[in-house]
């Protein structure tokens, strides 16, 4: 595997389900990000981890819970989501001082029914 | 939050034509990135510009950073169907900041 991978690519879940999104980066980077992409809206930064510590939490509802067990892996745990949470969830990674050059995974298309 | 406005929102042109996409803000950025996103995929980094007035070329794509580092443009010469996609600009407020402010994107369609 190369670059940034995400699984699953598609997920349909009910509002009472619990699921997790997984991201893995193979670039040796030390920062990882979760973004939400909704139609016709700019990408919304959700969480940032640097050296496995959360450095940014952009007022995201507690039904989204991130986990970064090491510098290569990032999870987003989901529970009791709402239909408006349906979106493309993108993971990205970057290295050190060049944090602005972010490399994205293919995303997970989430549908909440 | 530093807002980035992209224009136009949609652009449909014939193969071989030229096009320009704009990215504007009232804020100053330490760097600006352009990404292209194809349907069902994540954004792919095309270029980073960091110096006011900088011009970078990537084959048929020309990127320019405004002198005041508040705006940028992307020009495609002789567009091809493979250039079709969502073009996103993103700005970094400080060189060591992890945050990127993204524009809403310009959807470009190049017809064969």
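The values are calculated or read from the model by the stated rules, or taken from the named source; none is laboratory data. These figures come from a predicted structure and were not determined experimentally. No Cβ is skipped: glycine too gets one built from the backbone with ideal geometry, and neighbour counts run over all protein chains shown.
Quick one: which residue in A:110, A:74 is crowded, with 19+ Cβ neighbours inside 10 Å, more than 12 Å from chain B (Cβ to nearest Cβ), touching a helix residue (DSSP H, G or I) at 6+ places or on another chain (Cβ under 9 Å) and modelled with pLDDT of 95 or more? Among A:110, A:74, only A:110 is crowded, with 19+ Cβ neighbours inside 10 Å, more than 12 Å from chain B (Cβ to nearest Cβ), touching a helix residue (DSSP H, G or I) at 6+ places or on another chain (Cβ under 9 Å) and modelled with pLDDT of 95 or more. Of everything in region B:39-59 that's more than 10 Å from chain A (Cβ to nearest Cβ) and part of a loop (DSSP other than H, G, I, E, B), which residue is nearest to residue A:25 (Cα to Cα)? Across region B:39-59, the extreme among qualifying residues is B:39. Evaluated against (1) within 10 Å of the chain's Cα centre (by Cα); (2) without any contact (Cβ under 8 Å) to a residue 40 or more places away in the chain; (3) more than 20 Å from residue A:103 (Cβ to Cβ), residue B:47 falls short on exactly one condition, (3).
Summed over region B:78-102, residues that are assigned to a loop (DSSP other than H, G, I, E, B), buried (at least 16 other Cβ atoms within 10 Å of the Cβ) and at pLDDT 95 or above total 2.
This table checks each residue for (1) in contact with a helix residue (DSSP H, G or I) (Cβ under 7 Å, 6 or more places away or on another chain); (2) within 11 Å of another protein chain (Cβ to nearest Cβ); (3) under 24 Å from residue B:102 (Cβ atoms); (4) surrounded by 13 or more Cβ atoms within 10 Å (Cβ to Cβ).
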{"site": "A:4", "(1), (2), (3), (4)": "no, yes, yes, yes"}
{"site": "A:16", "(1), (2), (3), (4)": "no, no, no, no"}
{"site": "A:29", "(1), (2), (3), (4)": "no, no, yes, yes"}
{"site": "A:32", "(1), (2), (3), (4)": "no, yes, yes, yes"}
{"site": "A:37", "(1), (2), (3), (4)": "no, yes, yes, yes"}
{"site": "A:46", "(1), (2), (3), (4)": "no, no, yes, yes"}
{"site": "A:64", "(1), (2), (3), (4)": "no, no, yes, yes"}
{"site": "A:94", "(1), (2), (3), (4)": "no, yes, yes, yes"}
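Can we say residue B:112 is away from chain A (no Cβ under 14 Å), in contact (Cβ under 8 Å) with a residue 60 or more places away in the chain, out of contact with any strand residue (DSSP E or B) (no Cβ under 7 Å at 6 or more places or on another chain) and surrounded by fewer than 14 Cβ atoms within 10 Å (Cβ to Cβ)? When the stated conditions are applied, residue B:112 passes them. For region B:11-38, the tally of residues that are in a strand (DSSP E or B), within 18 Å of residue B:91 (Cβ to Cβ) and away from chain A (no Cβ under 14 Å) stands at 2.
Scanning region B:60-96 for residues that are in contact (Cβ under 8 Å) with a residue 40 or more places away in the chain and within 14 Å of chain A (Cβ to nearest Cβ) yields a total of 13.
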